[in-house]
Amino acid sequence: MADNLSHRRMTHSEKEKKSKQIAHEIKALLTAILDPVDRYISDNIGHLDHMELERNVAVLKELVSGLSLNEDENPFAIYPDTEPKPDAPDILLAVRDINIRYSLENHLARSYNIHVVTEVSDALDILEREVISLIVYDSDITRENDLELCNFVKTHTTYSHIPVVLIFGKKKMHNRIEAMELRADAYVEKPFSTDYVNAIVQNLLEMKERLRQRYITTPWLDPSIIAITEADREFMKRIQKIISDNIDNSLFGVDQLAEHIHMSRSSLYRKIKGITNYSTNSFIQMERLRKAALLLMDGGVRVNEVCYMVGFNSSSFFTKCFKKQFGILPKDYK
């Protein structure tokens, strides 16, 4: 199981050894298939789809590009960037196929923290421990039920906010309908370009970030604007109502919110962090400040009064937090 988890746990020497081993396996595989492929193309050249051939050639070129002629060097760049990126989103890559897995990992690891698994059970294990921003999921990872992971994520309250990019084979056309029914956020048909997958991932994450920023700085917007699914919209409305009902209570915090929503602290943290990119405690504070902004807009209430009405015990700390969130002092907010 450990071998299926994030590669960041491996030492440099282990990574290099693993890289060489996999490179040799790929070389052997390529040698074994090139002659038959050449004969097949020669025999069927008039009946083959040239666009499909070009796509497959592009995939092969990307795989082979990491191979080195110097056996003493790292012959396959499986780990282009092993250093954790503190400010980058964490992506779960759940793919069994070795070619697709290493191609996507190499490409996506340039911009994101990647957690790689080849079994659904390991994917669930990572979801329980990490704050995952997006899942790239090859339906072939599960033989018995191709969409088991997608179904679990989209129907489980703790994880339903996570966008899923579903990859499936060309012959599995029924999967496209199932994917839409399961509300997969995007689907990719094999063969595909890794640049295309990267663009989908980037667009989904950027869209979420734009909604977050709009929500943070616009106090009258409903919290459901930053939720993807209907279940998440209802979740955010419940969270906001609970905080609003306790807005003047300075002692109301993470433990109280978790108790009201019937979730553990860790599950609540992953859920709120995944939707808002804020910790639970920071989100509660943000909601206090959004309420304060609405009160100040209505007028007739002094800043010091608003401070205590939204659960702050220090007017100076309230002013500091307000300016950080809205870029303006409370006394100037209208």
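The values are calculated or read from the model by the stated rules, or taken from the named source; none is laboratory data. What you see is a predicted model; the values in this text were computed from it and never measured. Quick note on the areas: whole protein, heavy atoms, side chains included, nothing else; ligands and nucleic acids left out. Shrake-Rupley method; radii C 1.70, N 1.55, O 1.52, S 1.80 Å.
A few notes on this one:
- Stokes-Einstein D for the range 292-334, Kirkwood Rh over Cα pairs, 20 °C, 1.002 mPa s (µm²/s): 213 µm²/s
- Distant-in-sequence amide H partners of Ile167 (H built 1.01 Å from N, under 5 Å): Tyr137, Asp138, Ser139, Val188
- Using θ = phi - 60° in the Karplus curve 6.51 cos²θ - 1.76 cosθ + 1.60, the 3J(HN,Hα) couplings for the range 253-259 round to x, 4, 4, 5, 5, 4, 5 Hz; x is entered for Gly and Pro.
- Rounded to whole Hz, the Karplus (6.51, -1.76, 1.60) HN-Hα couplings of the range 199-210, x for glycine and proline: 5, 5, 4, 4, 5, 5, 5, 5, 4, 4, 5, 5
- 3J(HN,Hα) along the range 152-163: 4, 4, 6, 10, 9, 3, 5, 10, 5, 7, 7, x Hz, from the Karplus curve 6.51 cos²θ - 1.76 cosθ + 1.60 with θ = phi - 60°, whole Hz, x for Gly and Pro.
- Arg233 exposes around 70 Å² of accessible area when a 1.4 Å probe is run over every protein chain in place.
- Remark on Leu134: its backbone amide H falls under 5 Å from those of Leu92, a criterion applied only to residues 5 or more positions apart or on other chains, H modelled at 1.01 Å from N.
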